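The values are calculated or read from the model by the stated rules, or taken from the named source; none is laboratory data. On a predicted model such as this, the values are computed, not experimentally measured, just so you know. Ideal geometry is used to build each Cβ from the backbone, glycine not excepted, and the neighbour counts take in all protein chains shown.
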Amino acid sequence: MKNLILALAFAGIACTPQQSADAPFVSPLWPQERQQCVRGGGSWERAGILNLPTCFPSYSDAGQACSKASDCQGICLADTRQCSETDYFGCYSYLEENGDAVEICVD
């Protein structure tokens, strides 16, 4: 019985596709999205807890003063009261449309 369990375990491992560390990562998103991101001035990077390819857009109003969400193309950052350069992962504070600061963690 023990040998049968071991044989089944090894068979399962042998049938599991393995990706080498140097193999290119295949994006789950359409190639057009990647091209559109880069053409729009954004960067294509891995991010988040799943480390998935993500578009980080480049906002033309980055660094401008803001007092509410709609003042920015991206995020109105609460700590600096400036529009963000791109979208963020991690924890940060932003201003809502009514000007209230909200802390959020994005992953």
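Quick notes on this one:
- With respect to the conditions (1) part of a loop (DSSP other than H, G, I, E, B); (2) at pLDDT below 90, Leu8 falls short on a single one, namely (1).
- Scope the stretch 50-107; condition buried (at least 16 other Cβ atoms within 10 Å of the Cβ), in contact with an Asp or Glu (Cβ under 6 Å, 6 or more places away or on another chain) and aliphatic (A, V, I, L, M); matching residues: Ala69
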